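The values are calculated or read from the model by the stated rules, or taken from the named source; none is laboratory data. Bear in mind that the values here come from a model prediction, so they are computed numbers and not experimental data. Every residue, glycine as well, gets a Cβ built from its backbone with ideal geometry; the counts of neighbours run over all protein chains shown.
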């Protein structure tokens, strides 16, 4: 028999969606007792990732209700397991997209827990004890220390929260696919939560950055605030024509269905199109441009924990955080509607500690 | 007024050409340029029939200008070299593949990747530096710049070596470039035709485990017993495909018909690479989730540069790798094209030019 949400010893409170309407509302549930390897985090802030929206509406067909989303969590350590040495009480920590993995397979041993076949997501997954995982739109979370990150001192908690998913999701492929050579030209397709952080990382790596977007009204900020070198509207054929064969790499953050042909055409010979957005239907891939230009399209999925910490430390060094709109918990349903229309610059972050009340 | 083909250049040549989109070939008189100071002239002994020859003869890609003398897997014996030629002498066994020229001043050319030069000149059906059209190897004589000529190792027979000049380099280059040559790796080869069968042999030469993925169960015995593949998967059998999921470091996909990518991406291990060397003429469906969840890659590759073509032929010489060929007389070529269209060949036709190409 399925366990009820009150299956664990510690009471917890958050907001959950109960059906594919995706509407969130107050929800009482519970967290496991803090084990020897665990850290209990009092949640201060949680970013609103587009995946949260896909999940509450069951757009990928894998949601089990009730679902408490949220995997860009920043908070304070309030309890430590006996085997936890790397954190102490009061530390500012983060939890991202993963809270578990098998720890013994090849990918786990290579610090690539994000490719472990048994990886456990922060929400909408099944824990090793058979219970469901609930995410960061809540007051506390209990996590195995391996999956907890330290937030560097100089990064503000609210603006650092989105780095835990958006940040690592673009940082990891930029490193893996070698998109970090100073002077090279990076295209960033889509200027949302992921895209705006990719622009900041790109500039920190010394790259020339062009934003590729369908929204002309994002140009001013892209150049003047985010530091992009140029901006092109992908539905403008002349702009696309002028950009043909000019980019060494493109990171595609767009999750709507879109055409890959113009992006492939903008790549130079041996260019790489890296896709991190998650459209809910297949895209069309023209093969000729791949063959004639020895180009490739590759995917990437978040990043391992070690690399997530490396990314946070990189952000601390370069003073990179997300551009956020801080909201109260009870604004969440409006925020989700605005997010579905890309009406946010560039990530909502829920002020959990100050606005989540029972 | 343009010169007729047999008066364009000073030396007479004879071959077979397609005159229109029927693709039917027939005897054709034309001419070759004089041997320039950097040129190598050779008597053509054999020429492989590549599937591209069929596409071009029938203008399948819309780029053909008639008459077309196809053939870019050309081997023969050197009869004359230009005054500045250093690498070859009369009597050498040589070959020419898909290219006969490039700009020699761009990044690609500087990196020995003439095949990606924007001004690369194809061996047939393309405008040469002097404005005339290039004619390929279904002919008695060939003249090419030294840079585009490779030496055929002494131990490789010329007829079975000819297909290496296109099929060989087309699969060798991506095996190397995408790092699929480390002993112990597991590489899949999709399609067992001219390209596929050579890919199996090269991959075995590198010491990797090879699985052939094919729609034709009848090819299994030969794949395993004759070509040396380790396994054979029938791609239409869901149980076989399921059992092989997540087992391959890379896949070389030689199939140019439109086909589903999803099952192939599923066969790859995490971080695996699917490399397309056949080019379907319509976009294929790409499900993004499997690429993302496994950090996998779909890439393309097109022939190879000249330096690496020589390297490939030398590797073939060292490992005694040649193509499996059906040698045919020149006047069988139209029948061969019809059979090729139905994939009825094990695994490359090679025209015995030296013995059967007779000028009228």
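Tell me, which strands (runs of 3 or more DSSP E) lie completely within the stretch B:1-51 with 1 or more residues that are on the phi > 0 side of the Ramachandran plot, in contact with a helix residue (DSSP H, G or I) (Cβ under 8 Å, 6 or more places away or on another chain) and without any contact (Cβ under 8 Å) to a residue 60 or more places away in the chain? Result: empty, no element qualifies. All conditions but one from (1) in contact with a helix residue (DSSP H, G or I) (Cβ under 6 Å, 6 or more places away or on another chain); (2) more than 14 Å from every other protein chain (Cβ to nearest Cβ); (3) assigned to a loop (DSSP other than H, G, I, E, B) apply to residue A:111; the one that does not is (2).
Candidates in the stretch A:286-309 are the residues that are in contact (Cβ under 8 Å) with a residue 12 or more places away in the chain and either surrounded by fewer than 18 Cβ atoms within 10 Å (Cβ to Cβ) or assigned to a helix (DSSP H, G or I) (or both); of these, the one that is farthest from the other protein chains (Cβ to nearest Cβ) is A:309. Close contacts from the stretch B:241-260, counting a first residue that is over 17 Å from residue B:167 (Cα atoms) and a second that is in a loop (DSSP other than H, G, I, E, B) and modelled with pLDDT under 95, with Cβ to Cβ under 6 Å and a gap of 6+ residues or different chains, come to B:258/B:280; B:258/B:282.
Taking every residue in the stretch B:228-240 that is surrounded by fewer than 13 Cβ atoms within 10 Å (Cβ to Cβ) and pairing it with any residue that is assigned to a loop (DSSP other than H, G, I, E, B), at least 6 positions away or on another chain, the pairs with Cβ-Cβ distances below 8 Å are B:236/B:215.
Just to verify a result, which residue in the stretch B:301-314, among those that are more than 7 Å from chain A (Cβ to nearest Cβ) and in contact with a helix residue (DSSP H, G or I) (Cβ under 7 Å, 6 or more places away or on another chain), is nearest to residue B:235 (Cα to Cα)? This residue is B:303.
Considering only the stretch B:95-159, give the strands (runs of 3 or more DSSP E) lying wholly within it that have at least 1 residues that are under 18 Å from the mean Cα position of the chain (by Cα) and over 23 Å from residue B:171 (Cα atoms).
B:141-145
Scanning the stretch A:54-64 for residues that are in contact with a helix residue (DSSP H, G or I) (Cβ under 9 Å, 6 or more places away or on another chain) and closer than 21 Å to residue A:350 by Cα yields a count of 2. Residues that are in a strand (DSSP E or B), at the interface with chain A (Cβ under 7 Å from one of its Cβ atoms) and more than 24 Å from the chain's Cα centre (by Cα) were ranked within the stretch B:253-300; the one that is nearest to residue B:242 (Cα to Cα) is B:270. The numbered conditions (1) over 24 Å from residue B:8 (Cβ atoms); (2) surrounded by fewer than 18 Cβ atoms within 10 Å (Cβ to Cβ); (3) within 14 Å of chain A (Cβ to nearest Cβ) are all true for residue B:109 except (2). Can you find a residue in the stretch B:228-247 that is under 19 Å from the mean Cα position of the chain (by Cα) and either within 14 Å of chain A (Cβ to nearest Cβ) or over 19 Å from residue B:295 (Cβ atoms) (or both)? The answer is no; no qualifying residue exists. Going through (1) surrounded by fewer than 19 Cβ atoms within 10 Å (Cβ to Cβ); (2) at positive phi one by one, residue A:124 falls short only on (1).
Taken over the stretch A:172-183, the criterion of being in contact with a strand residue (DSSP E or B) (Cβ under 8 Å, 6 or more places away or on another chain) and either surrounded by 22 or more Cβ atoms within 10 Å (Cβ to Cβ) or not in a loop (DSSP other than H, G, I, E, B) (or both) is satisfied by A:173, A:174, A:179.
At pLDDT 95 or above, more than 14 Å from chain B (Cβ to nearest Cβ), in a strand (DSSP E or B) and closer than 22 Å to residue A:166 by Cα, is that true of residue A:186?
yes
Inspect the stretch A:311-324 for any residue being in a strand (DSSP E or B), away from chain B (no Cβ under 14 Å) and either under 21 Å from residue A:191 (Cα atoms) or touching a helix residue (DSSP H, G or I) at 6+ places or on another chain (Cβ under 7 Å) (or both) and give the result as yes or no. Scanning the stretch A:311-324, I find at least one residue that is in a strand (DSSP E or B), away from chain B (no Cβ under 14 Å) and either under 21 Å from residue A:191 (Cα atoms) or touching a helix residue (DSSP H, G or I) at 6+ places or on another chain (Cβ under 7 Å) (or both), so the answer is yes. The condition (being surrounded by fewer than 22 Cβ atoms within 10 Å (Cβ to Cβ), in contact with a helix residue (DSSP H, G or I) (Cβ under 8 Å, 6 or more places away or on another chain) and over 24 Å from residue B:204 (Cβ atoms)) is satisfied by just one residue among B:280, B:260, B:287: B:287. Of the residues screened, residue B:330 is one that is under 27 Å from residue B:74 (Cβ atoms), touching a residue at least 12 places away in the same chain (Cβ under 8 Å) and either more than 22 Å from the chain's Cα centre (by Cα) or more than 7 Å from chain A (Cβ to nearest Cβ) (or both). Criterion applied to A:260, A:273 was being buried (at least 18 other Cβ atoms within 10 Å of the Cβ) and either more than 14 Å from every other protein chain (Cβ to nearest Cβ) or over 20 Å from the mean Cα position of the chain (by Cα) (or both), and the one residue passing it is A:260. Quick one: which strands (runs of 3 or more DSSP E) sit completely within the stretch A:1-104 and have at least 1 residues that are farther than 29 Å from residue A:170 by Cα? Strands (runs of 3 or more DSSP E) meeting the threshold: A:10-17, A:24-31, A:73-80. Taking the listed residues A:242, A:204, the one that is surrounded by fewer than 20 Cβ atoms within 10 Å (Cβ to Cβ), more than 26 Å from residue B:287 (Cα to Cα) and in contact with a helix residue (DSSP H, G or I) (Cβ under 7 Å, 6 or more places away or on another chain) is A:204, with no other qualifying. Looking only at residues of the stretch A:158-170 that are within 14 Å of chain B (Cβ to nearest Cβ) and assigned to a helix (DSSP H, G or I), we find that the one that is farthest from residue A:94 (Cα to Cα) is A:170.
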